[in-house]
Amino acid sequence: MAEIYDLAIIGGGPAGLTAYLYAARARLNTILIEKLSPGGQVLVTDFVENYPGFPEGLPGWELMEKFVAHVKKLGFKQKLGEVTGLELNGELKRLKLAGGEELLARAVIIATGASPNKLGVPGEKELTGKGVSYCATCDGPFFRDQTVAVVGGGNTAVQEALFLTRFAEKVFLIHRRDQLRAQKILQERAFANPKIHFIWNTVVEEILGQEKVEGVRIKNRKTGEISTLPVDGVFIFIGIRPQSDFVKGLLPTDERGFIITDCEMRTELPGVFAAGDVRAKACRQIITAAGDGATAAYMAEHYLSGA
Amino acid sequence: MAVCHVTDQDFEEKVLKSDIPVLVDFWAAWCGPCRAIAPVIEELAEEYAGKLKVCKMNVDENPVTPGKFGIRAIPTLIFFKNGQPVDQITGAVAKSTIESVIKRILG
């Protein structure tokens, strides 16, 4: 008979790791399933400067190493794997992994997070890895003294544009609106940076190039004017989509696929919780993901004890 | 078999002249997703020992080879067979995605 866990946590970002911490301290027999090594989206963040307790800031991977070190103190049990199917209705939940293995648990926390949105324009897929990127910390150093475009106007777009100025000679920030959505402190830095040039009210219609990115075809939404901007790289930060395809039809989601919970992280199904970026909510930060994880583990403990 | 480390100097001998197909993981210390994918690469090296050689190349220490293969993103995985690049994966992806390419290459 296969081992039955009290709790299975799917996803090893800030939400999943914090849930593990709280579950382990509650002495729940817990396993965490992650398809890569733990860390989640924070691993691509060059510098985290809004996580309380770290006033000097620190690289994303370093913060996640601390999260992992913390759960390792509590006998971290993790499984490298990808959940492809779930049976969530009964008292015993069944998780099917790629490769055919199955895990059984009495409660499940879904903390699979989100991944970057694609633009969905011609040239994007073909030139990914050849100048089209979704990770400035990974690929920025390849664009030393070159010209790059950043697409987007939120926190990530502005932060990554600032990061890219360390390498690139010139950074165009292309945004569909006439003002940024990013936090004011990031906006102030971007406006003060002489390497960043703003292109407002503009969308990218095509990424140009054969073997590598050579430019972007852009359209001004106000005037309708179409032009070509020569660039060596295009970094795309236009929001995120939930990694929730594997719960489709099993759990209610919003129209974009984010899992709907109550404020205690409970989904519609007893014993099934969601935490972090995969959950439908307004604020997606490392600290709120960690908070979700703590709440979800606390509620899972209550559920399992029948309280 | 453990993951082998290749450099600009021994790339030809260890990768291009290999008797069996080779997977090369181009990475750097400052790249978070490279760290994320590292345990997957190590597992694959063990599981396909004898059939597939699994190597890593640090792009900071070895500027020539990544340039030759037009690498502008990491992690990039390039699969070599008989001295030729036959497939490529960009970014940190799940083990099953990498395995589907390996199975196709090993036939």
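For chain B, set up a GNM with springs between Cα atoms under 10 Å and report which of B:Glu12, B:Glu43, B:Glu61 has the largest fluctuation.
The residue with the greatest mean-square fluctuation here is B:Glu61.
Counting only heavy atoms of protein chains, what accessible area per residue, in Å², does chain B have with a probe of 1.4 Å?
On the way: 4750 Å² over 107 residues.
Solvent-accessible surface per residue comes out at 44 Å².
Only Lys, Arg, Asp and Glu count, each charged at its Cβ (+1, +1, -1, -1), so figure out the dipole size of chain A about its Cα centre, rounded to 20 debye. Write down the numbers at each step before the final one.
On the way: 36 positive and 36 negative charges, 62 e Å.
That gives chain A a dipole magnitude of about 300 debye.
Compare A:Asp292, A:Asp46, A:Asp139 in a GNM of chain A, Cα atoms joined below 10 Å, and give the one with the largest fluctuation.
Top of the fluctuation ranking is A:Asp139.
Out of the total accessible area of the protein assembly as shown (probe 1.4 Å, heavy atoms of protein only), what percent is carbon and sulfur? Write down the numbers at each step before the final one.
Working: 9390 of 18920 Å².
Here it works out to 50 percent.
Nearest 5 is fine: what % of DSSP beta bridges in the protein assembly as shown come out antiparallel, could you say? Before the final figure, lay out each step's value.
On the way: 36 of 77 bridges.
Counting only bridges with both partners in the protein assembly as shown, antiparallel ones make up about 45 percent.
Straight distance only, please: which lysines reach the Cα of A:Lys77 with their own Cα at less than 25 Å, same-chain residues fewer than 8 apart left out?
Straight-distance partners of A:Lys77: A:Lys35, A:Lys66, A:Lys93, A:Lys96, B:Lys95.
For the pair B:Glu43 and A:Val68, what calculated FRET efficiency results from E = 1/(1 + (r/R0)^6), where r is the Cβ-Cβ distance and R0 = 22 Å, to the nearest 0.05?
Working: r = 18 Å, r/R0 = 0.80.
For A:Val68 and B:Glu43, the calculated efficiency is 0.80.
Could you list the trypsin sites (Lys or Arg not before Pro) in region A:191-243 that lie in coil according to DSSP, counting only those with at most 11 other Cβ atoms within 10 Å of their Cβ?
On the way: sites: A:Lys195, A:Lys212, A:Arg217, A:Lys219, A:Arg221, A:Lys222; in loops: A:Lys195, A:Lys212, A:Arg221, A:Lys222.
Answer in residue order: A:Lys222.
To check you understand DSSP bridge types, tell me what percent of the beta bridges within chain B (both residues inside) are antiparallel, rounded to 5. The partial results should precede the final answer.
Working: 11 of 19 bridges.
Here the antiparallel bridges make up roughly 60 percent for chain B.
For chain A, set up a GNM with springs between Cα atoms under 10 Å and report which of A:Ile199, A:Ile207, A:Ile109 has the largest fluctuation.
A:Ile199
What does the accessible area per residue of chain A come to in Å², with a 1.4 Å probe and no ligands, DNA or RNA counted?
On the way: 14170 Å² over 307 residues.
I get 46 Å² per residue for chain A.
Can you list the residues of region A:43-67 that have at least 40 square angstrom less accessible area with all protein chains present than in their chain by itself, probe 1.4 Å?
Buried on complex formation: A:Leu43, A:Trp61.
Just to be sure I understand: if you take the accessible area of chain A alone plus chain B alone and subtract the pair, with a 1.4 Å probe, what total do you get in Å², rounded to 100? Before the final figure, lay out the partial values.
On the way: alone 15100 and 5660 Å², together 18920 Å².
The buried area between A and B, both sides summed, comes to about 1800 Å².
Take peptide A:142-149, look around each residue's Cβ out to 10 angstrom, count Cβ atoms belonging to other protein chains, and average those counts. The partial results should precede the final answer.
Values: counts 8, 1, 0, 0, 1, 0, 0, 0.
Average neighbour count from other chains, rounded to a whole number: 1.
Work from the charge dipole of the protein assembly as shown (Cβ charges, +1 for Lys and Arg, -1 for Asp and Glu, about the Cα centre) and give the residue of B:Ala38, A:Val278, A:Val213 farthest towards its positive end.
Value computed over the given set: A:Val278.
How big is the C-alpha Rg of region B:4-106 next to the rule-of-thumb value 2.2 N^0.38 Å, as a ratio? The partial results should precede the final answer.
Values: Rg = 12.3 Å, N = 103, 2.2 N^0.38 = 12.8 Å.
Taking the Cα Rg and dividing by 2.2 N^0.38 Å, one obtains 0.96.
Computed on alpha carbon atoms, what radius of gyration and Dmax characterise the protein assembly as shown, expressed in Å?
22.1, 67
Taking amide H positions as placed 1.01 Å from N in the peptide plane, with prolines and chain starts having none, which residues 5 or more places from B:Val54, or on another chain, fall under 5 Å of its amide H?
Answer set, sorted by chain and number: B:Cys4, B:Leu23.
The values are calculated or read from the model by the stated rules, or taken from the named source; none is laboratory data. Keep in mind that what you see is a predicted model, and the values were worked out from it rather than measured. Cβ: placed from backbone, ideal geometry, glycine included. Neighbour counts: every protein chain shown. These area figures cover heavy atoms from the full protein model, side chains too; ligands, DNA and RNA do not enter into them. Shrake-Rupley method; radii C 1.70, N 1.55, O 1.52, S 1.80 Å.
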